[in-house]
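First comes the structure, then the notes that go with it.
The values are calculated or read from the model by the stated rules, or taken from the named source; none is laboratory data. Predicted, not measured: the structure shown is a model, and the values here were computed from it. Ideal geometry is used to build each Cβ from the backbone, glycine not excepted, and the neighbour counts take in all protein chains shown.
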Amino acid sequence: MALKQPENSLLGSESDPHRTLYPYVTGTSVVALKYKDGILMAADMGGSYGSTLRYKSVERMKPIGKHSLLGASGEISDFQEILRYLDELILYDNMWDDGNSLGPKEVHNYLTRVMYNRRNKFNPLWNSLVLGGVKNGNKYLGTVSMIGVNFEDNHVATGFGNHLARPILRQEWHENLSFEDGVKLLEKCMHVFLYRDRSAVNKLQIAKITEEGVTIHQPYSLKTYWEFSAFKNPAQGAIGSW
Amino acid sequence: MFRNQYDTDVTTWSPAGRLFQVEYAMEAVKQGSAAIGLRSKTHVVLGCVNKANSELSSHQKKIFKVDDHIGVAIAGLTADGRVLSRYMRNECINYNFTYESPLPVGRLVVQLADKAQVCTQRSWKRPYGVGLLVAGLDESGAHLYYNCPSGNYFEYQAFAIGSRSQAAKTYLERRFENLADSSRDDLVKDALMAIREALQGETLKSSICTVAVVGVGEPFHILDQETVQQMINAFEIVGEQEGPAAEPDAAAGQEAAAEQGGSTDEGVAPMDI
């Protein structure tokens, strides 16, 4: 084995095999919004290996307990690790068997603590997470990043979603969207991802969570149109060497 | 209870299947001054008899705020009670930090009970000598629990512990069926009546008792002396004889001797540990 580095040298040497330095298999944007009955979330099913679109059936949204839905972008193996942490958390919560249960707000804060503490040890879980849910009629939607930044909002997105989807949502989101309108709005965002994000794949899932529970719909594809004249001659307005 | 050859160690069973040290610990609770608790659907009230050992000293603190939604009243070895309150406060704060949500009181009492159980199964420890009445709110409503040194816990509509608690319990047994729908003020009034029962003849005044309330929309807090005295005055004028089956002779004699407003605590001091 290589020279053992002392465990408390933080940045030490890059040959330390115990810290996350770079992500390997990654998922791209997740987008979510509050609607009349709860939360709607959308993410594609791509797992990229660098610039290769390698895995095309990765489920990046999972139900947590009775009241929450978690979507993740970033390193897929770290997402799976987070699911294991949450599985244990929910298990112990259920073992109390006492009528109390962890709601989305509690899960979100727990995740924030986990992400922030890992970041402080220079060994982050390389994910941006979206946590949505409904409990006792209260809708909750929040996000946590790999450095522990967390907040709640009426609509959230990760990664490129912040640049491509949030502006659309700021214009077109309103309270009490119907299910159909919410899905249409999410599909509009997913369209933009497909056209503009090179790590996007055309196979997506929509997930919804309401007081009744979680439904993750079957994957499907969006219709795209590539015959726009602007696509035909992309360099027209900016002839140059780059 | 008499001494026997199986009572030295908490880890020694008696042939009858008893742990005497644990039972002796529960005796310590009975020696402490009375604490009572009662609850409705939305509120819980805790009260206790607070007698100072002498005129010169201050009262012992027997009611502790654990969090905005949980409070505890103790009877027995108050030092043990203080330590357990600190544990409870820690648990609440840690849970709140991790989940940004109040710790459900039902979970706190289980943790407390498990902590007490440990002391009944280690030869180098002794059981906590304090009984705790835990009052709290959670998603499913208002709750009152009693945690005892044996590591058992029970949920109650109303309960009393400590010396002369039987009198208070008798009063509460008569009233408990109506408590669920009581208003907050009626609940406090019932608590004061129960405390008066535990005083057995002594005049009830705010200098010798403490009352605390927690409820929906009302964080746990101890009522200040003036408010309590006003409530005492209010119901003593209105319906003095409706509740208690008071001992008239002793009461008359003592009431004559003790006028209101006097800060002296007279005669009958129970063994306050």
Seminar exercise, completed: Within segment B:1-44, restricting to residues that are loosely packed, with under 15 Cβ neighbours inside 10 Å and aliphatic (A, V, I, L, M), the one that is modelled with the highest pLDDT is B:16
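For (1) within 14 Å of chain B (Cβ to nearest Cβ); (2) within 30 Å of residue A:50 (Cβ to Cβ), each residue gets a yes or a no:
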| site | (1), (2) |
| --- | --- |
| A:62 | no, yes |
| A:65 | yes, no |
| A:72 | no, yes |
| A:77 | no, yes |
| A:83 | no, yes |
| A:90 | yes, no |
| A:111 | yes, yes |
| A:124 | no, yes |
| A:133 | yes, no |
Seminar exercise, completed: From the option list B:145, B:153, single residue qualifying as buried (at least 23 other Cβ atoms within 10 Å of the Cβ), without any contact (Cβ under 8 Å) to a residue 60 or more places away in the chain and closer than 30 Å to residue A:136 by Cβ is B:145
For this session: Could you check how many residues of segment B:171-191 are of a type outside the set (Phe, Trp, Tyr) and either in contact with a Leu (Cβ under 7 Å, 6 or more places away or on another chain) or surrounded by 15 or more Cβ atoms within 10 Å (Cβ to Cβ) (or both)?
Result: 11
Problem set entry | Total residues in segment A:61-92, condition at pLDDT 95 or above and in contact with a Leu (Cβ under 9 Å, 6 or more places away or on another chain) | 21
Exercise. Given (1) part of a loop (DSSP other than H, G, I, E, B); (2) out of contact with any helix residue (DSSP H, G or I) (no Cβ under 8 Å at 6 or more places or on another chain), where does residue B:173 come up short, assuming only one miss?
Worked result: (1)
Exercise. Among the residues of segment B:1-41, which ones are free of Cβ contacts under 8 Å to residues at least 12 places away in the same chain and hydrophobic (A, V, I, L, M, F, W, C)?
Worked result: B:2, B:13, B:16
Problem set entry | Restricting segment B:134-152 to residues that are in contact with a His (Cβ under 9 Å, 6 or more places away or on another chain) and within 19 Å of residue B:211 (Cα to Cα), the residue that is farthest from the other protein chains (Cβ to nearest Cβ) | B:135
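Conditions (1) surrounded by fewer than 18 Cβ atoms within 10 Å (Cβ to Cβ); (2) in contact (Cβ under 8 Å) with a residue 60 or more places away in the chain; (3) touching a strand residue (DSSP E or B) at 6+ places or on another chain (Cβ under 8 Å); (4) aliphatic (A, V, I, L, M), marked per residue:
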residue: A:23; (1), (2), (3), (4): no, yes, yes, no
residue: A:27; (1), (2), (3), (4): no, no, yes, no
residue: A:52; (1), (2), (3), (4): yes, no, no, no
residue: A:58; (1), (2), (3), (4): no, no, yes, yes
residue: A:61; (1), (2), (3), (4): no, yes, yes, yes
Exercise. Which ones in segment A:93-106 are buried (at least 20 other Cβ atoms within 10 Å of the Cβ) and more than 8 Å from chain B (Cβ to nearest Cβ)?
Worked result: A:104
Seminar exercise, completed: Every listed condition ((1) loosely packed, with under 15 Cβ neighbours inside 10 Å; (2) over 20 Å from residue A:28 (Cα atoms)) holds for residue A:118 save (1)
Exercise. Residue A:81 is checked against (1) under 18 Å from residue A:147 (Cα atoms); (2) in contact (Cβ under 8 Å) with a residue 40 or more places away in the chain; (3) not in a helix (DSSP H, G or I) and fails just one. What number does that condition carry?
Worked result: (3)
For this session: Collect the residues in segment B:45-75 that are basic (Lys, Arg) and either buried (at least 24 other Cβ atoms within 10 Å of the Cβ) or at pLDDT 95 or above (or both), keeping them in residue-number order.
Result: B:62, B:65
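Residue by residue, here is whether (1) within 25 Å of residue B:184 (Cβ to Cβ); (2) within 13 Å of chain A (Cβ to nearest Cβ); (3) among the hydrophobic types (A, V, I, L, M, F, W, C); (4) in contact (Cβ under 8 Å) with a residue 60 or more places away in the chain holds:
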position	(1), (2), (3), (4)
B:76	no, no, no, yes
B:80	no, no, no, no
B:106	yes, yes, no, no
B:118	no, no, yes, no
B:125	no, no, no, yes
B:132	yes, no, yes, yes
Problem set entry | Criterion violated by residue A:201 - all others in (1) closer than 30 Å to residue A:21 by Cβ; (2) outside any loop (DSSP other than H, G, I, E, B); (3) not polar (S, T, N, Q) satisfied | (2)
For this session: Check whether at least one residue in segment B:110-128 is surrounded by fewer than 24 Cβ atoms within 10 Å (Cβ to Cβ), touching a strand residue (DSSP E or B) at 6+ places or on another chain (Cβ under 6 Å) and part of a loop (DSSP other than H, G, I, E, B), and report yes or no.
Result: no
Exercise. Farther than 29 Å from residue A:26 by Cβ, hydroxyl-bearing (Ser, Thr, Tyr) and under 23 Å from the mean Cα position of the chain (by Cα), is that true of residue A:178?
Worked result: yes
For this session: State which residue is farthest from the other protein chains (Cβ to nearest Cβ) when the search covers only segment A:135-159 and only residues that are small (Gly, Ala, Ser) and within 15 Å of the chain's Cα centre (by Cα).
Result: A:159
